[in-house]
Amino acid sequence: MAVELPPAQAHADEGSGLRHEELRAAAAPAEKAGGSGAANPRVRRVATCTAPYWGKRDEELLLPTNSSLSVTLSQDQLCTRTTAAASPEFKGRRLWLNGKEQPVDGDRRLTACLEELVRCRRRLEESRQREARGRKPEAPEAAAGGGGGGAAAGAPDGACRLSEFGLRICSENNFPTAAGLASSASGFACLVYAVARLYELTPGVLSLTDLSRIARRGSGSACRSLFGGFVAWRMGTRADGEDSEAAQVADERHWPELEVLVLVASSRKKHTSSTLAMRKAVETSWLLRHRAEEVVPRRMAEMERAVLAKDFPTFARLTMLDSDNFHAVCADTQPRICYLSDASEAVMQVIRHLNDQGGDGPVAAYTFDAGPNPVIYAPRDNIPRVLDAIFRHFPKADNAADHDFFANPYNVQRPRLSSPEAPPPGDLP
């Protein structure tokens, strides 16, 4: 629920439940006076991996041990929405995630992203001032201007010094956070994009590829969530990470027949963070080294060819192989890490059984990120068959609302959601 707070309360003493509309209201009074900037809510995408990255060669710069490929999902269903505002009335930086304030000063990754954006904004302001001085002499009132908002409004080019203002950021996910559904990736991608728009860095000054390098400093996979369609994160080889960036392999219009089904087996926060798990894998897993050096380079090239050719049988085979290999690395890590649950294993069994009965090739493919929640890829014509199998083995609870159990925005099927006679997944042949 959006509540329009009085301006003084909003930008002096924000409550723990700050939302987008309240943040806009907080910045509005100073914005009208020419002393602040506020961005409209920006939405970024969730991406699911077909060939995930796992392990970092540099934890400070978030440089991966292997390249990776992901599919970006529709913003209609899974997305992050972020609003950013700057004002001379704000003190320091504050961030709210899903209505709860989060620490900023002690968050090195968040600080790295924001500091780089501030540096870019400062360079833009300096460039504009040099251009303005070259066009005309400085106005007397600008030269006599004081500090704070007045100095910003009286800059030679008439632009605010947003780089010197306090910052407020409000971000919300419409899907489970920290549950293996790439919430940190979409979150940092959206945050970087929103602040870049606030600072007038994009479009024009920084490209999406430039922003991908900045977003990578917050969450490695965030670099991919800035693009739609099929996106590769090229690991790069430079020590400074300047060649570790995302690039679009094919846009969102390339393969419209490919559908993605996200199954939420658990919305709980995962027991082992990806950061800690990757560190342990780099330190202890021989299989990780083999994966990074031998498996992924060949698989990435083959996967990209399959995407460009819309070759679902190859795409499905490689996706499931890579998911299994990734979780084998987790099992090879000391101490052993297991993100998959009994429900995860049951879904894999259902998909394998469907594919065994397919006849003309795989019906669907499963993949898992660092969590228990399956992501299923299937050609559109196969979706009714996949859903029927899922509903038979995972029937809706009697007290669950239909929409909560299955969001069906495209009306791909109107199935019977309850199936009391369905056997448990363990009864599959």
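Just so it is clear, none of the values below were taken in a lab; they were calculated from the coordinates. The model shown is predicted, which means the values in this text are computed figures rather than measured ones. Please note: Cβ atoms are built from the backbone with ideal geometry, for glycine as well, and neighbour counts cover all protein chains shown.
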The Cα radius of gyration of region 336-393, divided by 2.2 N^0.38 Å with N its residue count, comes to 1.15
Note, region 238-250: 3J(HN,Hα) by Karplus (6.51, -1.76, 1.60, θ = phi - 60°), whole Hz, Gly/Pro = x, goes 6, 5, 7, x, 5, 9, 9, 8, 9, 9, 7, 7, 8
At the level of C-alpha centres, the distance separating region 221-270 and region 362-393, in angstrom, is 19
Mean shadow area (nm²) of the C-alpha convex hull around region 264-343 is 6.3
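Can you pull out the GluC sites (Glu not before Pro) in region 199-276 whose DSSP state is coil and whose Cβ has at most 12 other Cβ atoms within 10 Å?
Numbers: sites: GLU200, GLU242, GLU245, GLU252, GLU257, GLU259; in loops: GLU200, GLU242, GLU252, GLU257.
Filter output for region 199-276: GLU242, GLU257.
Which whole-number percent of Cα pairs in region 214-320 have a distance greater than 24 Å? Can you show the working numbers first?
Details: 2166 of 5671 pairs.
In whole percent, the share of Cα-Cα pairs in region 214-320 beyond 24 Å is 38.
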Mean Cβ-within-10 Å packing, highest first, puts peptides 90-103, 287-300 in the order 287-300, 90-103
Under 5 Å from the placed amide H of LEU63, counting only residues 5+ away or on other chains, we find ARG57, ASP58
For region 366-373, Karplus-derived ³J(HN,Hα) couplings (6.51, -1.76, 1.60; θ = phi - 60°; whole Hz; x for glycine and proline) come out as 10, 8, 9, 7, 7, x, x, 8
Total charge of the residues flanking GLY371 in space, meaning their Cβ is under 12 Å from its Cβ, with Lys and Arg +1 and Asp and Glu -1, is +2
